[in-house]
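Following: one structure in structure tokens, then a few remarks.
Please treat every number below as a calculation from the coordinates, not as lab data. All values derive from a computational prediction rather than experimental measurement.
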Amino acid sequence: MVHVPYPQAVRWSADGRAVEIIDQRALPGREDILALKNAEEVAIAIRTLAVRGAPAIGIAAALGVALEASNSTSLDKPAFDRRLLDAISTLRLTRPTAVNLSWALNRMRNVETANAHSTPPEIACKLYGEASAILAEDRAMCRAIGEHGVALLPENPRILTHCNAGALATGGMGTALAPIYIAHERGLKVKVFAGETRPLLQGSRLTVWELQRAGVDVTLVADVVAATLMQQKKVDLVLVGADRIAANGDVANKIGTYGLAVLAKHHGIPFYVAAPTSTIDNHAATGADIIIEERDADEVRRGFGTLTAPADANVYAPAFDVTPAALITAIITDGGVIGPGDTRDRSGDHR
Ligand code: MRU
């Protein structure tokens, strides 16, 4: 087996009867693998962020549908169809912002309807193939993003990233972290600053963990340090992922991304977004059309169990924000580097 320096966030179990994920709630303290046995368990894992990151939740959902189908082949056809529809709608409702989730589920649904006259075992087999293709394609898209992105990096780049858009968020080596992994593979000297990403700390818990594991030079900073880093000329560029990109190039990504883009503009630093074409949603004309998930108040008041605010404090907890296209230098996709105004008609198939 080829050794990959980065973790595999989502995969089939060896016997193909479960979806295995790294439980990201336990990182970096423990590296637990969860074996999810049906679509409902996958939905819970997505909702509770055991698996998270836009491409990874799409992949997990697709594998969950395929699993549900193969668990249900003994049902008669109408009951099998109902079971699949229920699984798809349960998974679709888990998280609203990342378009990759509905994109992957639409692909699964399209395979089911195209094979409507086949038997449940035949449909289950096709769905297994489609889910496996979604995973394999994502792995290839990550590498392509990395290859296109690495060409943009200056010599000895010092990169600020936010949240986790790495291997843990995808089926491969990540989106924003892919150019970093490829630069590192090629022996280039890369320095990464990872913002901790309040309130759920995907930056400190996940990005620092996976970059350190791969031997990449990474320094953790509290989110509030970003302005100072730029003022002190310690970063050359900002590189982040995306959960949904509107037709006009506005980008929804982890809360705090917009602030970094404003800071980068002020300091004259390039601000890059890396995402597969499946993240572009031409049905959203602008960022205003993107639904922003709001999370539970206790994730801010008592994240990870410690009370850090009065227990009844009013909280506003959007999980994502929208960075206007005008603040984005370029979007690095698997198809190449494009201007934020060039996203129209490049989207994945979101029928
Ligand atoms: O709430 P999360 O952890 O799922 O948010 C993840 C992000 O915002 C990532 O930056 C985005 O999904 C891109 S992942 C390649």
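Summary of values
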| quantity | calculated |
| --- | --- |
| Between 0 and 90°, nearest 10: helix 99-114 axis offset from the chain longest Cα axis | 20 degrees |
| Tilt relative to the chain, helix 54-71 - C-alpha long axis, 0 to 90 degrees, to 10 | 10 degrees |
| Average Cα contact separation per residue, the chain, under 8 Å, 6 or more apart, as relative contact order % | 17 percent |
| Inter-part distance where the range 56-94 and the range 140-172 are each reduced to a Cα centre, Å | 32 Å |
| Radius of gyration and maximum dimension Dmax of the range 68-173, Cα, Å | 18.2, 61 |
| Helix 77-92 axis, angle to the chain major axis (alpha carbon atoms, nearest 10°) | 10 degrees |
| Alpha-carbon Debye profile of the chain, log10 I(q)/I(0) at 0.11, 0.14 Å⁻¹ | -0.69, -1.11 |
| Qualifying lysines (Cα of each under 20 Å from Cα of residue 233; at least 8 residues distant if same chain) | 189, 191, 265 |
